[in-house]
Amino acid sequence: MVKKDYHKWSKDKLVHEIKALLQRKKFGLVWEDKDENVADKCKDFLPILSEIKKKRIENNKDDLKHILIKGDNYHALSTLCYTHKKKVDVIYIDPPYNTGNKDFVYNDDYIDKENRFRHSKWLSFIAKRLKLAKYLLKDTGIIVISIDDNEIGQLRVLMDDPNFFGENNFIAMLPTVMNLKGNNDQFGFAGTHEYTLIYAKNKSLANINEFDVDEEKIMEEWDEDEYGYYKKGANLKATGTNAPREKRPNLFYPIFFKSNGSFYTTINDKPLNKKDKIILPITEKKEMSWRWSKKKLNEENHNIIVSLNGEYSLYKKQRPQLRDLPTKKPKTLFYKPEYSSGNGTAQLKDMFGDKVFDNPKPLELIKDILYLTSDKNSIILDFMAGSGTTGVATLLLNSEDKGNRKFILCTNNELNGVGSKLVKENPKLNKDQIGICQRVTYPRIEKIINGYKNSKMKKIDGLGGSLRYYETAFVNQIRTDNDKRKLVSKSTEMLCLTEDTFDKVLEKKDFFVIFENSEKMTGIIYDEDAIDNFIKVVKKLKKPLTVYVFSYDHTFNKEDFDDISSIVEIKPIPEVILNVYRKIYKNIHKLKQS
């Protein structure tokens with residue numbers, strides 16, 4: 001890094017630098033001056049989304065449209081800040097853990113344990129993305145992050161900062177057991193867990209669901225009567241030092257059994273019928289006592305189990321206490337055998353026939369996380385999607401409860417450990433074709449939607465659904481009117497995503513286009529001279545219509561659209577997009593505003 005000559009600086013510049021330095025040190029770390037390359041790029045270019053139509057998966061026109069975006073997650077999040085501002089219900093991410101073992105890349109360099117800016121680079125990386133992520137969440141939204149000991153301390157401090165989520169919105173930090181046997185390579189203790197960190201955007205509005213009780217497990221261990229669950233408890237005859245009759249004389253009394261098996265006691269200890277069987281608390285010919293009084297026995301005879309094995313025996317019904325039954329409320333220690341990290345690898349190997357990804361998250365873990373934090377109509381975002389487990393978990397939940405959850409996955413196409421090994425073995429391989437998105441994420445989602453044959457050649461039925469595949473692309477920063485027209489011409493996919501209208505109704509190339517879904521329509525006018533022709537067309541349309549009209553500034557002539565009753569809203573483009581980019585990039589570059 002070039003050494004700064006502070007002697008030549010003005011007083012105002014020095015004050016500014018000191019304030020910036022204090023800001024960089026607020027987490028107890030010195031943050032680098034050098035910005036991240038992907039963020040720095042936005043000084044000169046604006047990210048957009050471009051659909052790759054040949055990768056579209058569509059089984060039914062009315063299917064839910066799930067989204068997969070290939071590109072740097074910072075740029076993908078930037079575009080989503082327009083298309084999905086305050087629309088996302090749940091965000092789950094599994095970021096690089098920054099172990100120092102080449103699992104985290106910052107500005108094209110692997111960060112090792114000796115890098116003195118190791119933690120500050122990771123914080124700089126994650127902070128930029130969490131700022132944008134918060135922008136996407138609904139006020140009721142929840143964010144869940146998987147992390148381990150390397151960055152859990154730094155991440156908690158960052159998340160507790162009121163500029164991010166704030167300590168009042170902390171929900172849980174769940175030790176999540178991924179390796180019950182423990183990692184014996186660790187010093188001192190064999191590590192068994194990582195963490196699942198959960199925050200709300202506004203905790204007072206958030207909701208955490210509860211697990212369903214495992215009915216099958218209950219029926220294996222418990223019986224049920226009209227008062228609830230029970231199982232065989234202790235014998236009603238007392239044991240121990242206080243059991244003899246002389247210690248508890250009031251608890252030595254006869255219990256009488258009728259021929260039908262019912263029982264009773266009497267005040268005078270005489271049977272109501274001489275034929276009724278008499279039972280006394282006698283053990284090995286010693287007079288003992290009952291555990292219950294006559295009164296309790298008569299009032300709670302429904303809590304007694306009668307056993308007849310040559311003679312009558314009485315046992316208490318053990319009713320479930322706290323934690324005796326499988327709990328509905330999730331515990332703060334997150335564990336199931338299915339959460340084992342090896343299960344994630346095995347699940348992918350069963351699908352692809354080989355190891356294709358390092359350390360994928362187990363499907364059952366992500367499914368449970370989404371079950372607890374989403375509802376049937378949630379939008380779920382994973383902007384560090386890796387192998388796509390979040391997408392698969394979403395589809396499985398929908399298939400189980402007939403839900404309508406939609407996923408948005410963002411992943412780059414870098415070479416993971418497996419891909420790097422393949423390139424090393426065969427340098428002529430096309431790196432783009434064996435990157436994470438092309439080789440793992442997209443094919444995995446395609447297989448789950450359409451069905452596939454597993455490693456044992458068993459046919460696995462698809463879960464159905466549709467997928468739209470996008471890549472991040474760029475247009476020039478807005479400095480001229482031509483730049484505005486260029487941005488508008490490249491924004492169609494983003495506008496369709498914003499309105500959730502994907503089916504093209506009509507297109508007049510370079511002038512206007514109309515899209516629809518089952519409930520509404522979206523019109524995009526690229527050239528203001530085409531407004532009259534556009535109006536003639538849409539007058540015949542019945543569905544509610546949102547119109548985006550090109551404008552050099554933030555205004556448009558509302559009177560042009562007065563005759564169209566179906567129009568519910570008119571928005572000037574690109575201004576509606578630029579307004580969002582101005583907010584999220586305000587500390588990077590001030591966009592030109594008309």
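The values are calculated or read from the model by the stated rules, or taken from the named source; none is laboratory data. Treat the numbers as computed from the prediction; the structure is a model and nothing was measured. Here Cβ is always computed from backbone atoms with ideal geometry, including for glycine, and neighbour counts include all displayed protein chains.
Among the residues here, Asn250 does not qualify as of a type in the set (S, T, N, Q), touching a residue at least 12 places away in the same chain (Cβ under 8 Å), under 15 Å from Arg291 (Cβ atoms) and in contact with a Phe, Trp or Tyr (Cβ under 6 Å, 6 or more places away or on another chain).
Right, Leu123: surrounded by 15 or more Cβ atoms within 10 Å (Cβ to Cβ), touching a Lys or Arg at 6+ places or on another chain (Cβ under 6 Å) and closer than 18 Å to Tyr74 by Cβ or not? Judged against the criteria, Leu123 is not a match. Going residue by residue through the stretch 170-186, is there one that turns out to be of a type in the set (Ser, Thr, Tyr) and over 22 Å from Pro330 (Cα atoms)? Checked against the condition, which is being of a type in the set (Ser, Thr, Tyr) and over 22 Å from Pro330 (Cα atoms), the stretch 170-186 yields no hits at all. Filtering the stretch 255-284 to residues that are in a loop (DSSP other than H, G, I, E, B) and under 17 Å from Lys316 (Cα atoms) leaves Gly261, Ser262, Thr265, Leu280, Pro281.
Restricting the stretch 526-564 to residues that are within 37 Å of the chain's Cα centre (by Cα) and of a type in the set (A, V, I, L, M), which is nearest to Asn482 (Cα to Cα)? Among them, the one singled out is Val549. For the stretch 406-434, the set of residues classified as crowded, with 17+ Cβ neighbours inside 10 Å and modelled with pLDDT of 75 or more consists of Lys406, Phe407, Ile408, Leu409, Cys410, Thr411, Asn412, Asn413, listed by residue number. Can you tell me which residue in the stretch 551-572 is surrounded by the fewest Cβ atoms within 10 Å (Cβ to Cβ), limited to those that are hydroxyl-bearing (Ser, Thr, Tyr) and closer than 21 Å to Lys540 by Cα? Checked the stretch 551-572; the qualifying residue surrounded by the fewest Cβ atoms within 10 Å (Cβ to Cβ) is Ser565. Of all residues in the stretch 529-560, those satisfying the criterion of being at pLDDT below 90 and either in contact with a Pro (Cβ under 6 Å, 6 or more places away or on another chain) or not assigned by TED's automatic domain parsing to the domain that holds Asp510 (or both) are His554, Phe556. When the stretch 136-157 is filtered for residues that are assigned to a helix (DSSP H, G or I), among the hydrophobic types (A, V, I, L, M, F, W, C) and closer than 28 Å to Asp375 by Cβ, the ones remaining, listed by number, are Leu136, Leu155. Only residues that are out of contact with any Pro (no Cβ under 9 Å at 6 or more places or on another chain), among the β-branched types (Val, Ile, Thr) and farther than 18 Å from Asp483 by Cβ were counted in the stretch 565-578, giving 1. Screening the candidates Leu506, Leu487 for the property of being buried (at least 16 other Cβ atoms within 10 Å of the Cβ), outside the structural domain of Phe407 (by TED's automatic domain parsing) and either at pLDDT below 95 or not in a strand (DSSP E or B) (or both) yields one hit, Leu487.
Filtering Ser307, Ser340 for residues that are buried (at least 17 other Cβ atoms within 10 Å of the Cβ), of a type in the set (Gly, Ala, Ser) and at pLDDT below 90 leaves a single hit, Ser340. Taking the numbered list (1) modelled with pLDDT of 95 or more; (2) surrounded by fewer than 21 Cβ atoms within 10 Å (Cβ to Cβ) in turn, Gln186 passes all entries but (1). Regarding Lys328, is this residue surrounded by fewer than 18 Cβ atoms within 10 Å (Cβ to Cβ), at pLDDT below 90 and not acidic (Asp, Glu)? Taking the combined requirement at face value, the residue satisfies it. Being of a type outside the set (Phe, Trp, Tyr) and farther than 15 Å from Tyr82 by Cα holds for only one residue in Ser491, Ser566, and it is Ser566. When each of Ala133, Ala127 is tested for being under 25 Å from the mean Cα position of the chain (by Cα), modelled with pLDDT of 95 or more, of a type in the set (A, V, I, L, M, F, W, C) and not in a strand (DSSP E or B), the lone residue that passes is Ala133. The set of residues in the stretch 285-302 being touching a residue at least 12 places away in the same chain (Cβ under 8 Å), more than 13 Å from Arg248 (Cβ to Cβ) and not in a helix (DSSP H, G or I) consists of Lys286 alone. The residue of the stretch 435-467 that is nearest to the chain's Cα centre (by Cα), among those that are under 21 Å from Tyr74 (Cα atoms) and buried (at least 22 other Cβ atoms within 10 Å of the Cβ), is Thr441. For Glu400, the test of being acidic (Asp, Glu) and under 30 Å from Tyr110 (Cα atoms) is failed. Scan Ile577, Ile570, Ile525 and give me the residue that is closer than 18 Å to Ser78 by Cα and β-branched (Val, Ile, Thr). Going through Ile577, Ile570, Ile525 in turn, the sole match is Ile577.
All of Val144, Val157 fail the test of being touching a Phe, Trp or Tyr at 6+ places or on another chain (Cβ under 7 Å), of a type in the set (A, V, I, L, M) and crowded, with 19+ Cβ neighbours inside 10 Å, apart from Val144.
Does Trp290 qualify as being of a type outside the set (D, E, K, R), in contact with a helix residue (DSSP H, G or I) (Cβ under 8 Å, 6 or more places away or on another chain) and outside the structural domain of Lys138 (by TED's automatic domain parsing)?
Yes: the conditions hold for Trp290.
For the stretch 89-102, what are the residues that are surrounded by fewer than 24 Cβ atoms within 10 Å (Cβ to Cβ) and not acidic (Asp, Glu)?
Of all residues in the stretch 89-102, those surrounded by fewer than 24 Cβ atoms within 10 Å (Cβ to Cβ) come to 89, 93-97, 99-102.
Passing the criteria: Ile93, Pro95, Pro96, Tyr97, Thr99, Gly100, Asn101, Lys102.
Here the strands (runs of 3 or more DSSP E) wholly within the stretch 62-108 that include at least 1 residues being closer than 25 Å to Leu578 by Cα are 65-70, 88-93.
Collect the residues in the stretch 174-187 that are touching a residue at least 40 places away in the same chain (Cβ under 8 Å) and either part of a loop (DSSP other than H, G, I, E, B) or among the aliphatic types (A, V, I, L, M) (or both), keeping them in residue-number order. Steps first, please.
First, pick out the residues of the stretch 174-187 that are touching a residue at least 40 places away in the same chain (Cβ under 8 Å): 174-180.
Hits for the stretch 174-187 are Leu174, Val177, Met178, Asn179, Leu180.
For every residue, the table says whether it meets (1) in contact with a Phe, Trp or Tyr (Cβ under 6 Å, 6 or more places away or on another chain); (2) hydrophobic (A, V, I, L, M, F, W, C); (3) not assigned by TED's automatic domain parsing to the domain that holds Gly435.
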{"position": "Pro271", "(1), (2), (3)": "yes, no, yes"}
{"position": "Glu300", "(1), (2), (3)": "no, no, yes"}
{"position": "Val306", "(1), (2), (3)": "no, yes, yes"}
{"position": "Glu311", "(1), (2), (3)": "no, no, yes"}
{"position": "Asp350", "(1), (2), (3)": "no, no, no"}
{"position": "Lys361", "(1), (2), (3)": "no, no, no"}
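With respect to Asn98, determine if the residue is free of Cβ contacts under 8 Å to residues at least 60 places away in the same chain and within 30 Å of Asn202 (Cα to Cα). Judged against the criteria, Asn98 is a match.
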